[in-house]
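Scroll down for the structure; my scribbles are underneath it.
The values are calculated or read from the model by the stated rules, or taken from the named source; none is laboratory data. What you are looking at is a predicted structure, and each value in this text was computed from that prediction instead of being measured. A quick note on method: Cβ atoms are made from the backbone with ideal geometry, for glycine too, and the neighbour counts reach across all protein chains shown.
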Amino acid sequence: MDKFKQIIADYPFIAFIIAFGILALLPPFVLTDVYQSHLASLIFVNIIVAAGLNIVKGYCGQVTVGHVGLFAVGSYTAGTLFLYMGMGFWVTLPIAIIVTAFFGVAMGIPSFRLEGPYLALATLGGGEAIRLFIENGNFFRSTFGISDIPAPSLFGYNFDTPDRYYFISMTIMIIAVYFSFSILRSGVGRAFMSIREDPICAAAAGINVKKYKILAFILSAMFAGAAGAVYAHLPPGYIHPNNYTVIEMVTFLAMVVLGGLGHIWGGIIGAIVITIVYDLTRPLYKYQLLIFGLTIIFTILFMPKGIGGFIDRYFITKRFKAKTGAEKNVT
Amino acid sequence: MLLKTKQLSKSFGGLKAMNKVDFELPKNEIRGIIGPNGSGKSTFFNLVSGIYDTDPGSYIEFDGHDITNAPAHKIAEYGLSRTFQLLRLYQDMTVLNNVMSGYHTRIPYRFFDAVVGRKKIWDQEKIIKEEMMDLLSFVGLADYAELNASELSGGQRRLLVLARAIAMKPKLLMLDEPAAGLSPVNVDNLMKIIMQLKDKYGLTLIIIEHILKVVMDTCNTVTVFDHGQKIAEGSPQQVKDDNAVIEAYLGKKMNDEEMRKALAV
């Protein structure tokens with residue numbers, strides 16, 4: 001067992017291959033109908049967005065409320081590339097990621113000057129501007145939305161039903177989570193955290209604050225772009241500006257906050273919990289936003305580091321007590 | 001000279017916080033900086049470490065590099081490390097992460113390697129972690145490595161800030177009131193650790209301190225600031241007897257006649 005742990009610590013990607021294997025074998029046992037496969041794909045899309053949002057919001061501490069705009073950029077890049085040039089998923093995905101990265105730079109530049117609520121306002125404006133631009137432009141089919149975006153195919157095999165598309169979204173989710181894991185566990189993640197805690201001290205410690213801020217925005221934008229493309233090609237392949245409103249943004253934020261701001265698995269835990277709860281409470285759709293708002297508030301009040309931080313805390317306290325003797329109590 | 005400033009000036013609006021200061025610091029020296037509150041000690045640190053931009057005409061040189069108005073992170077890369085009067089701990093990070101973030105300038109791998117998660121990253125990280133744990137045990141915080149920095153006591157925080165500043169293996173370490181708010185026993189303990197670290201890493205030190213005993217006991221040379229100007233410099237004994245210094249701290253020495261005049265009012 002210890003040897004196995006050692007191997008995982010040296011080669012973390014092995015853990016991700018194992019996760020991939022488990023998730024690949026799961027569908028016949030868990031996903032009993034088409035709708036559940038569809039929901040699983042939605043969870044994976046949300047995980048990608050939330051993992052990206054956790055980089056910029058949770059780790060780097062930049063309050064962005066325009067992330068859903070970047071998600072829209074990813075979707076609509078894929079959508080329009082199909083609409084006008086007939087491109088398929090394997091071409092639109094990388095292009096969507098690159099285009100969204102550039103939008104991420106634009107979204108990140110205000111962070112040089114603004115922080116906290118002011119940055120939130122600026123990015124909120126950015127995100128909404130993107131949505132309104134799409135909604136009012138014939139180029140993007142305005143409020144009709146873009147439909148019939150084809151699902152990808154590989155070696156003649158079509159992933160055109162939800163239970164088949166599951167494998168596409170799942171693979172990309174695993175890769176994205178692996179990247180976020182690597183980034184956040186390395187010195188780059190530490191640099192992000194230092195900037196969140198104290199930018200002046202971070203600069204004095206040799207961290208190029210502007211560079212790392214913009215890097216955080218670019219990285220998280222790339223996640224949002226990938227998620228957007230996966231979402232656009234999700235059967236039946238329909239995207240509409242109404243899928244990218246502030247309400248969606250609040251949902252993404254709720255995921256990161258509930259999962260644990262600045263916790264390495266924060267976005268992932270939150271995305272799974274929130275997407276499932278969101279689906280189960282569909283009959284109560286009138287109260288959903290209220291519930292999410294209250295979830296954010298209560299999580300911040302009583303569990304400021306979210307579910308992930310809460311679990312970590314338990315083990316850290318336990319280990320500390322074991323090391324220094326139980327009579328010394330922390331916190 | 002490791003650090004050299006010429007005509008170093010800084011004004012905030014009409015206030016001259018730093019006024020044409022020439023300062024030279026040879027290698028391996030322990031330099032104390034004293035002066036009343038508002039005399040420009042911390043401003044001097046902020047100017048040298050690049051937190052503030054200097055006024056035109058100033059010149060700062062560090063280890064052969066012209067660092068006038070260079071960005072703070074660049075100056076840190078040249079090997080200048082500092083602590084802050086208000087500590088500026090990364091409250092919401094673990095003690096270990098606090099120290100490891102101080103290692104940033106020495107990280108050997110490139111950013112791209114980190115994104116794709118190559119094996120050498122995890123090997124390097126392991127080495128960094130071990131080295132930083134050694135440093136933490138040296139200052140006596142190894143048991144607390146996993147706790148958040150906000151959970152430490154005041155004295156432990158001072159030690160953590162010190163460890164974080166040392167982590168980058170600086171050539172010059174500037175300490176802004178390292179012993180403020182500590183009890184006498186803890187002050188002695190802290191100064192002992194600082195001296196051990198100096199020998200271990202071959203540091204040059206600048207210490208701002210209000211506890212004069214610390215300055216007088218440990219520093220080779222003392223520089224005194226008042227109203228943004230350097231008013232005295234020399235060995236602790238010289239500075240102690242300097243009239244300008246006494247005046248700055250206690251007010252002007254009066255002769256009998258002046259005294260009589262002052263009391264007659």
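Hand me the list of strands (runs of 3 or more DSSP E) wholly inside region B:21-116 holding 3 or more residues that are at the interface with chain A (Cβ under 10 Å from one of its Cβ atoms) and not β-branched (Val, Ile, Thr). Working first, answer last.
On the way: elements: B:30-34, B:59-62, B:80-82.
Ranges flagged: B:80-82.
Matching residues to (1) part of a helix (DSSP H, G or I); (2) under 30 Å from A:MET170 (Cα atoms); (3) not assigned by TED's automatic domain parsing to the domain that holds A:PHE139:
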position	(1), (2), (3)
A:ARG190	yes, yes, no
A:ILE207	no, no, no
A:ILE214	yes, yes, no
A:PHE217	yes, yes, no
A:ALA232	yes, yes, no
A:PRO236	no, yes, no
A:PHE252	yes, yes, yes
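Look at B:ILE60 and say whether it is surrounded by 22 or more Cβ atoms within 10 Å (Cβ to Cβ), in contact (Cβ under 8 Å) with a residue 12 or more places away in the chain and in the same structural domain as B:ILE208 (by TED's automatic domain parsing). Give the derivation first.
Values: surrounded by 22 or more Cβ atoms within 10 Å (Cβ to Cβ): yes; in contact (Cβ under 8 Å) with a residue 12 or more places away in the chain: yes; in the same structural domain as B:ILE208 (by TED's automatic domain parsing): yes.
When the stated conditions are applied, B:ILE60 passes them.
Kindly list the number of the only condition in (1) surrounded by fewer than 22 Cβ atoms within 10 Å (Cβ to Cβ); (2) outside any helix (DSSP H, G or I) that fails for B:GLN196.
(2)
Say we look at region B:117-148 and pick out the residues that are more than 28 Å from the chain's Cα centre (by Cα) and in a helix (DSSP H, G or I); which of these is surrounded by the fewest Cβ atoms within 10 Å (Cβ to Cβ)? Give the derivation first.
Taking region B:117-148 first, the residues more than 28 Å from the chain's Cα centre (by Cα) are B:117-124, B:126.
With in a helix (DSSP H, G or I) added as a condition, the list becomes B:119-124, B:126.
Working: B:LYS119: 12, B:LYS120: 10, B:ILE121: 23, B:TRP122: 17, B:ASP123: 12, B:GLN124: 18, B:LYS126: 12.
Looking at residues that are more than 28 Å from the chain's Cα centre (by Cα) and in a helix (DSSP H, G or I), I get B:LYS120.
Of the residues A:PHE217, A:PHE192, which is more than 14 Å from every other protein chain (Cβ to nearest Cβ) and under 26 Å from A:VAL73 (Cβ atoms)?
Working: A:PHE192 fails: more than 14 Å from every other protein chain (Cβ to nearest Cβ).
Criteria check complete, one pass: A:PHE217.
Conditions: (1) under 26 Å from A:LEU258 (Cβ atoms); (2) outside the structural domain of A:ALA120 (by TED's automatic domain parsing). A:PHE13 meets all but one. Number of the miss?
(1)
Answer with yes or no whether A:ALA205 is touching a strand residue (DSSP E or B) at 6+ places or on another chain (Cβ under 8 Å) and either within 12 Å of another protein chain (Cβ to nearest Cβ) or under 30 Å from B:TRP122 (Cα atoms) (or both). Don't jump to the end; show me each part of the working.
Values: touching a strand residue (DSSP E or B) at 6+ places or on another chain (Cβ under 8 Å): yes; either within 12 Å of another protein chain (Cβ to nearest Cβ) or under 30 Å from B:TRP122 (Cα atoms) (or both): yes.
It is true that A:ALA205 is touching a strand residue (DSSP E or B) at 6+ places or on another chain (Cβ under 8 Å) and either within 12 Å of another protein chain (Cβ to nearest Cβ) or under 30 Å from B:TRP122 (Cα atoms) (or both).
When you scan region A:257-297, how many residues do you find that are closer than 19 Å to A:ARG185 by Cα and free of Cβ contacts under 8 Å to residues at least 40 places away in the same chain?
Summing the residues that are closer than 19 Å to A:ARG185 by Cα and free of Cβ contacts under 8 Å to residues at least 40 places away in the same chain in region A:257-297 gives 1.
Please find, within region A:298-321, the residue that is nearest to B:GLN91 (Cα to Cα) out of those that are assigned to a helix (DSSP H, G or I), in contact (Cβ under 8 Å) with a residue 24 or more places away in the chain and not aliphatic (A, V, I, L, M).
Filtering region A:298-321 down to residues assigned to a helix (DSSP H, G or I) leaves A:298-302, A:306-321.
Narrowing further to those that are in contact (Cβ under 8 Å) with a residue 24 or more places away in the chain: A:299-300, A:306-310, A:312.
Then drop every residue that is not not aliphatic (A, V, I, L, M), which leaves A:299, A:306, A:308-310, A:312.
On the way: A:THR299: 19, A:GLY306: 17, A:GLY308: 18, A:GLY309: 15, A:PHE310: 17, A:ASP312: 17 Å.
Among those residues, the one meeting the criterion is A:GLY309.
Quick grid of which residues meet (1) crowded, with 22+ Cβ neighbours inside 10 Å; (2) outside the structural domain of B:GLU146 (by TED's automatic domain parsing); (3) of a type outside the set (Lys, Arg); (4) in contact with a strand residue (DSSP E or B) (Cβ under 6 Å, 6 or more places away or on another chain):
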| position | (1), (2), (3), (4) |
| --- | --- |
| B:LYS4 | no, yes, no, yes |
| B:ASN19 | no, yes, yes, yes |
| B:GLY38 | no, yes, yes, no |
| B:LYS41 | yes, yes, no, yes |
| B:ILE51 | no, yes, yes, no |
| B:GLN85 | no, yes, yes, yes |
